[in-house]
Amino acid sequence: MKTDFSRRLFIAAMLASVSERAFAKAPLASLRPKPRSGNSKAAAVKPVIKSAKSLISQAKLGGKIGFVVADAKTGLVLETHNPLLAQPPASVTKTITALYALDLLGSGYRFKTRLMATGPISNGRLKGDLVLVGGGDPTLTTDDLAKMAASLKRAGVREISGKFRVNTAALPLAKSIDSSQPDHVGYNPAVSALNLNFNRVYFEWKRRGGSAGRYDVSMDGRTNRYRPAVRFAKMNVVNRELPVYTYKDANGADNWTVARRALGKGGGRWLPVRKPHLYAAEVFQTMARSHGIKLPRTVTSKGNINGQVLVEHKSAELRVLLKNLLKYSNNMTAESIGMMASSASGGTVGSLKASAKEMTAWSKSHSGARKSSFVDHSGLGSGSRLAAGDMVSALVKQGPNGQLAHLLKQIPLRNSKGKVIKGHPVKVHAKTGTLNFVSALAGYITAPDGTQLAFAIFTADEKRRNGVGKADREAPRGSKSWNKASKRLQQGLIERWAGLYGG
């Protein structure tokens with residue numbers, strides 16, 4: 001703890017002493033030793049290392065850029081540009097969420113989903129209610145519910161005399177992560193105590209043979225093994241050009257429409273779920289029915305459950321979930337983990353934003369993140385802010401051999417054509433973050449000589465981002481090329497730092 005504290009003080013002091021715009025005065029090139037007389041090989045010269053200023057100029061991103069690089073072991077700040085500028089961190093937020101969860105839940109934490117009985121079982125009949133109790137598991141799948149249904153049968157249950165209830169007391173329901181996103185994007189689903197298939201439902205359509213413009217449509221909770229149809233989510237094909245999709249919460253169901261002209265011959269896509277507890281309940285009913293267990297209509301409850309646990313499903317350990325989170329960057333997973341961590345802190349988690357506020361306070365007290373402010377745990381909401389200096393402070397505190405470093409995925413370096421350079425001597429383990437006209441990268445660099453650096457790069461053109469209408473936010477014009485330019489800048493800075501500070 002003493003070492004971590006001194007690192008944090010060191011980097012904080014260094015950042016406080018630099019201006020909002022500062023570049024290290026490093027040499028533009030370095031030479032390798034000349035060969036001794038008689039050596040037939042010519043002197044090898046390292047390529048010119050571009051200045052950070054020239055790299056920024058070449059990127060032509062517009063907007064604002066902030067970065068910090070420091071010695072990952074000592075906290076010595078090596079180069080900065082707008083280190084205290086709070087920028088949208090996008091999915092780099094998930095690194096803070098991971099640290100938050102590790103601290104409050106522990107690396108061995110497992111989410112639990114349970115089937116509980118409020119009465120005894122006699123001759124295959126449960127004399128009471130059967131309750132599906134959600135524990136916030138972000139990784140629960142249809143396959144898991146199928147196994148739970150089979151276990152319920154092995155527990156001796158064939159029918160119930162009472163109600164089939166779903167209990168969602170563990171976490172509040174957030175119907176979406178970011179309300180400013182288009183309705184139909186699968187990366188912005190609801191979050192609940194009871195989640196299923198990352199809270200996405202599969203919409204499939206097929207043109208009827210010989211019928212122009214007529215389609216058979218289905219909605220299901222599919223996995224590779226099962227395809228249970230669901231009724232809580234409904235799709236209606238309508239005659240219009242735009243919008244392609246509309247959503248309405250009506251009659252206790254997710255009601256969707258899709259423009260006929262957008263369908264073509266056939267296809268499918270994942271749509272976000274707004275009522276995940278009903279989704280999980282309906283799929284479980286289907287799985288139970290396949291084992292001869294007929295369940296009545298679902299009733300939702302949020303109170304405490306008094307009864308015995310018949311079946312319990314546990315997720316993988318938190319360290320595994322976090323490694324996958326930082327690799328695949330699933331937003332719903334981040335939100336569920338973050339809210340459960342807030343719940344473990346002892347407070348009441350009334351909403352997703354309230355939970356994010358708890359994480360903001362934790363971040364400031366545990367990593368000295370003076371400029372941090374989070375509106376969620378995934379980074380999807382553009383209202384979150386994080387300064388590059390604060391991010392590097394957190395990275396240095398963890399150290400290049402800490403838990404976080406082992407959870408971060410390796411980021412390959414690429415050539416000018418975008419192809420991965422195999423065997424590149426510079427190794428990067430980091431978290432990416434991407435929103436429209438926002439790109440971020442933070443993590444650790446291992447230079448060819450073994451020097452370990454901690455870095456954060458935040459780029460954002462918020463004027464262009466704010467100018468994108470809601471209907472165009474899935475793929476706005478110019479965003480893809482802007483993101484590519486930002487990634488080229490990120491790699492240029494990484495190669496510069498590895499060459500300067502760890503030749």
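So what is the relative contact order for region 77-164, in percent, with contacts set as C-alpha pairs under 8 Å and at least six apart? It rounds to 27 percent for region 77-164. Taking the 0 to 90 degree range and rounding to the nearest ten, how far is the long axis of helix 2-17 tilted relative to the main principal axis of the chain, both from C-alpha atoms? So the helix axis and the longest Cα principal axis differ by about 60 degrees.
Once the Cα atoms are used to define both axes, helix 479-501 deviates from the longest principal axis of the chain by about 50 degrees. From its DSSP helices (H runs of at least four residues, each -39,500 (n - 2.57)), the chain gives a residue-normalised ellipticity at 222 nm of -9000 deg cm²/dmol. One entry in [x] 1.12; [y] 1.93; [z] 0.98 is Cα Rg over 2.2 N^0.38 Å calculated from the shown coordinates; its label is [x].
Derived scalar couplings between HN and Hα for region 224-235 equal 5, 9, 10, 9, x, 5, 10, 10, 5, 10, 10, 10 Hz in order, rounded to whole Hz, by the Karplus curve 6.51 cos²θ - 1.76 cosθ + 1.60 (θ = phi - 60°), x for Gly and Pro.
Which of the lysines could a cross-linker span from K364 if the Cα-Cα distance has to be under 27 Å and same-chain partners fewer than 8 positions apart are dropped? Correct list for K364: K2, K64, K73, K94, K323, K327, K353, K397, K409, K431.
Calculate the FRET efficiency for S54 and L76 from the Cβ-Cβ distance with a Förster distance of 22 Å, rounded to the nearest 0.05. Spell out each step's value before the answer.
Numbers: r = 24 Å, r/R0 = 1.09.
E between S54 and L76, to the nearest 0.05, is 0.35.
The aspartates and glutamates within cross-link reach of K248, meaning a Cα-to-Cα straight distance under 20 Å and a gap of 8 or more places when in the same chain, are D178, D183, E204, D220, E282, D472, E474.
Let me have the relative contact order for region 111-315, percent, based on Cα pairs under 8 Å that are six or more residues apart.
On the way: 486 pairs, mean separation 60.4, N = 205.
Worked out over region 111-315, it gives 29 percent.
Per-residue 3J(HN,Hα) values for region 295-310, derived from phi via the Karplus relation 6.51 cos²θ - 1.76 cosθ + 1.60 with θ = phi - 60°, read 10, x, 4, 6, 10, 8, 9, 10, x, 5, 9, 9, x, 9, 7, 8 Hz in sequence order (x marks Gly and Pro). Computed from the C-beta positions of K327 and N123, the FRET efficiency with R₀ = 35 Å rounds to 0.10. Placing a pseudo-label 7 Å from each Cα along the Cα-to-Cβ vector at V309 and N239 gives an inter-label distance of 5.7 nm. Ordering I56, I494 by the number of other Cβ atoms within 10 Å of each residue's own Cβ, fewest first, gives I56, I494.
Summing charges over neighbours of V244, with a neighbour being any other residue whose Cβ is under 14 Å away from its Cβ, gives +2 when K and R count +1 and D and E count -1. Taking amide H as placed 1.01 Å from N in the peptide plane, the amide H of L126 sits under 5 Å from that of R158, E159, I160, S161, each at least 5 places away or on another chain. Distance from the alpha carbon centroid of region 60-90 to that of region 228-262 works out to 44 angstrom.
Charge dipole of region 111-315 (Cα centre as origin; +1 on each Lys and Arg Cβ, -1 on each Asp and Glu Cβ, all else neutral): 620 debye, rounded to the nearest 20. Modelled spin labels at A475 and R297, positioned 7 Å past Cα toward Cβ, are 4.2 nm from each other. Take the Cα of A344, go 7 Å toward its beta carbon, and the backbone nitrogen atoms of region 285-313 under 18 Å from that spot belong to 313. Among L152, G303, N255, which residue has its Cα furthest toward the positive end of the charge dipole of the chain, with +1 on Lys/Arg Cβ and -1 on Asp/Glu Cβ? Going by the charge dipole, the pick is N255.
Multiplying the sequence separation of T246 and N224 by 0.36 nm and subtracting their Cα-Cα distance, what value in nm do you get? Present the calculation step by step, with values, prior to reporting the outcome.
Numbers: separation 22, 0.36 × 22 = 7.92 nm, distance 2.80 nm.
Taking 0.36 nm per residue and subtracting the Cα distance, the gain is 5.1 nm.
Here's the list of lysines a cross-link from K417 could span, going by alpha-carbon distance under 21 Å and ignoring same-chain residues fewer than 8 apart: K50, K60, K427, K480, K484, K487. Projecting the Cα atoms of G135, G268, A193 onto the charge dipole of region 111-315 (Cβ charges, centred on the Cα centre) puts G268 farthest toward the positive pole. Dipole orientation for the chain: of the candidates N436, A454, L115, N436 has the Cα lying most toward the positive pole (charges on Cβ; Lys, Arg +1; Asp, Glu -1). Relative to the Cα centre, the charge distribution of the chain, modelled as +1 at Lys and Arg Cβ and -1 at Asp and Glu Cβ, gives a dipole magnitude of about 1420 debye.
Laboratory data are not the source of any read-out in this text; all were calculated from the coordinates shown. Since this is a predicted model, take the numbers as computed values, not measurements. We place every Cβ from the backbone using ideal geometry, glycine too, and count neighbours over all the protein chains shown.
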